[in-house]
Each structure stands twice: as structure tokens, then as C-alpha cells.
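What follows is a set of notes on a single structure, which appears directly below.
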Amino acid sequence: MGIVLKNISYQYKDQWQEEKQYAIRDASFLLEKGEYAALIGHSGSGKSTLLQHLNGLLQPMTGEYYFDGENVFDGKFALQKLRQKVALCFQYPEYQLFEETVLKDITFGPKNLGFDQKTCEEKARKAMELVGISSKLENASPFALSGGQKRRVALAGILAMEPEYLILDEPVAGLDGKGKENLFSLLRYLNEEKKITILLVSHDMDDVAANARRVLVMNHGQLVMDDTTENVFAREKELKAMGLDIPQALQFYNNLRSRGYFKSISETTQEDDAATVDAVQITEKHFGKTVSGGEKQAGAVVNEKRPMETVQAERSEKHTGAVVNEKKTVETVQIERSGKVPLTVEALAARILEENQCFGK
Ligand SMILES: Nc1ncnc2c1ncn2[C@@H]1O[C@H](COP(=O)(O)OP(=O)(O)OP(=O)(O)O)[C@@H](O)[C@H]1O
Ligand SMILES: [Mg+2]
């Protein structure tokens, strides 16, 4: 069931007079339990506005929001319940720390939910352990901590409420390399082990590609793409037109390929048939069903204008026993989203090595 937004639109008050200026326009999507998705888009495209709808901070002017099948804005739904289940972590959450001690700050959320002191402290200590804040810091002032530690304390305050959905707006902004990696591995752990659903806003396409299994793209208030990470980043031209980049590792891979360093499966001819089958087998091993070389992997939609690719897709389809549909079913997309993240630097390096062994010059 999860989070369902149906055709929501939102205008800020001072935008009322300008009919065209919607911060969000007719956005619909479904976020299911267990997903790890990213929301990307140019500055001012409406990402933060959309996130604030998800825990009920903003109410859409038109459209509906269903949480686990219940209409959030029907006047009967308890927003408090929603805020416990859907936690929103703003950019620079440490600015919201305000208590005298770390422990008091982290217990603030559970206290608000009505838990007794002992339970609040238990929840707080569990959350501190999760984010790697030593118990020695319990009585320290949050303001005496480093930036990275403050960020973790703020996140612990959110996790102490044991949310099912964690919505993060630019969570690694301002962190150093190590702090960033720590935070991303925590998010991976929360998603994979604790089954917390994650929706992440980021301007860093490398971070998105290495972590999210699904990517939503906003452009001028509209949701314009919603697909697997691999399929979204295969649409480089459209992304560039919206002022967005693709991950650097993928750019490197595409550059090598366009300079003929190795051939992609779609560029091979009948004579290369045997080699192609090998490549399909190899890439399938790493990335699942292959449609067109490195360009579109893992269940990509086959483009009718490219017959050679279609032939290759059919071949790989037979090989895997999977069905390549022109239109993806919801089921297919869900299976894809549950797969491994395909665009890490390591995965692309493996792809380069293996394709080069097949077609090497
Ligand atoms: N409080 C506000 N009052 C009026 N307009 C606002 C307000 N907050 C945002 N906006 C406008 O709404 C639109 C969407 O803003 P939003 O902050 O959601 O974008 P964003 O995608 O999060 O951008 P960024 O990547 O820079 O954080 C922008 O045109 C912005 O100027
Ligand atoms: Mg924003």
C-alpha cells in the first residue's frame, strides 16, 4: 500500500496571482514499503515542497494523498500518526537541535508521541547506537559536537521515533567524505536490515546512482520520470536539457564506448553473433536481463526505432526466459526496483573489463 499521491498540485501563497507558478503541478506517485528511491531535479523544481506533503506539513491544493490506503486529508486522519511513520529529515537537521543534552534531544520525539521516560530513553539509546554516537556523549551539549556528530544526533532523534519511511532532503550536504560514506552506509543498513523505506533528495548524481534503486525526476513542478536508476540515467540528453547530469562513472563509460574503445551489443553484427551471446551472458550475470549494450540494462523498454536492439533484446529475452514488453507492467517495475544498485563505480568498471574482453581491440 504505502504512500500514494494522486495528482497533487501546490502553490505558495505569494504565487497565487501567477496562475502558471505552481511549485507542484499534478504529481502522482506510489512509494512502496521497502523501496530506496531518489528524487532529483533542478533547483526550484519542487522537490522540498513535494517532500513536505509526505508527512503532512503541506496540504495539496488539489489532489489526494493516501497513506496505507487511508486518505490523509479527509479531516479524520491523525497527522500525528503520519508524522511518526513518515519522518522528514530536512537539509542541515542539526540546526533543529535545541535541548541541553544529547540524550534529551533524542528523546524529544518519542516523548511527543506519549511514551514514558524509560521507554523514551531506551529508544534514544538504540537510535544512538544505530547512528554510531557513543553513550559517553549522552550528557554532552549537542552544540559542543562536531558538524558530523550533530547530524548523527539529529538523525538519531528521528530514528528514535521508529519511522517506517525516512524522507531525507540533501542529507549529506556539508559532510566530509568519511561522514558522507558513514551516512550512506547507515541508510543502506536501515533499508536492507530494518526495512525502512527511503526517499532521498540529492543533487549529487553519483550518490544517487550508488544508492537508489529507483529515481524520480522533477522539472518545473512536474514529475517527469519515474523508473529504475539505470533506465533514468540512460536518458542523458533529456536529463541534460533539464540541467541535470548523469553519474561521472557512467559518463566515463559512455565516453569510452562512443570512442569505440569497445563495441556495445547493439553495435555488433551477425558475424559477432557468438561473441554477442557471450556478452549477454556476462552482463546478465552482473546486471540482469540486457537489452542494449551498456545503454539500457535490466528490463529497459525496447525502442521500436532501433531494430538491431530489438533483435538483441529478443535474444536475451529467450536466454533469460523473461518477457520484454513495450509497456512495463507495475509488477516488472517492482521486480526491477528490488534488484541491486547497478551504477556503482565498481559495477561499471566490471562492465568495462568484461565487455572489453569480449570485443577487445
Ligand atoms: N516558502 C515559500 N514561499 C514562496 N515560494 C516558495 C517557498 N518555498 C519554495 N518556493 C518556490 O517554490 C518552488 C519550488 O521550491 P522548492 O524549494 O520545492 O524547490 P527544490 O526543488 O527543493 O529546490 P532546491 O534544489 O534548490 O532545494 C520554487 O519556485 C520556489 O521559489
Ligand atoms: Mg529543496
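Brief remarks on what is shown
- Theoretical FRET efficiency, 1/(1+(r/R0)^6), r = Cβ-Cβ of THR344 and ARG259, R0 30 Å, to 0.05: 0.85
- Applying both filters, DSSP loop and at most 14 other Cβ atoms within 10 Å, to the chymotrypsin sites (Phe, Trp or Tyr not before Pro) of segment 1-107 gives TYR12, TRP16, PHE98.
- Working from Cα pairs under 8 Å separated by at least six residues, relative contact order for segment 3-241 is 28 percent.
- Computed extension gain for TYR95 through LEU353, at 0.36 nm per residue and net of the alpha carbon distance, reaches 88.3 nm.
- P(r) of segment 3-241 over all Cα-Cα pairs, binned every 10 Å from zero, in whole percent: 7, 31, 35, 21, 6, 0
- Computed packing ranks the peptides 47-55, 239-247 as 47-55, 239-247, most packed first, by mean other Cβ atoms within 10 Å.
- Cα centroid of segment 190-221 to Cα centroid of segment 80-101, whole Å: 19
- Placing dummy labels 7 Å off each Cα toward the beta-carbon, the span from LYS33 to LEU79 is 2.5 nm.
- For segment 180-252, the fraction of alpha-carbon pairs in successive 5 Å shells from zero, as %: 3, 14, 27, 24, 16, 11, 4, 0
- The slack between ASP176 and ASP245, meaning 0.36 nm per residue of separation minus the straight C-alpha distance, is 22.7 nm.
- SER141 sits among other residues whose Cβ lies under 14 Å from its own Cβ, and their net charge, with Lys and Arg +1 and Asp and Glu -1, is -2.
- Protection proxy ranking for 345-353, 38-46, using the average of other Cβ atoms within 10 Å per residue and placing the highest first: 38-46, 345-353.
- You can think of it this way: the chain between GLN117 and GLU236 has 37.6 nm of extra reach, that is 0.36 nm per residue less the Cα-Cα gap.
- DSSP beta bridges fully contained in segment 3-241 are about 50 percent antiparallel.
Throughout, read-outs are computed from the coordinates displayed, never taken from laboratory work. Bear in mind that the values here come from a model prediction, so they are computed numbers and not experimental data. Neighbour counts run over all protein chains shown; Cβ positions are idealised from the backbone, glycine included.
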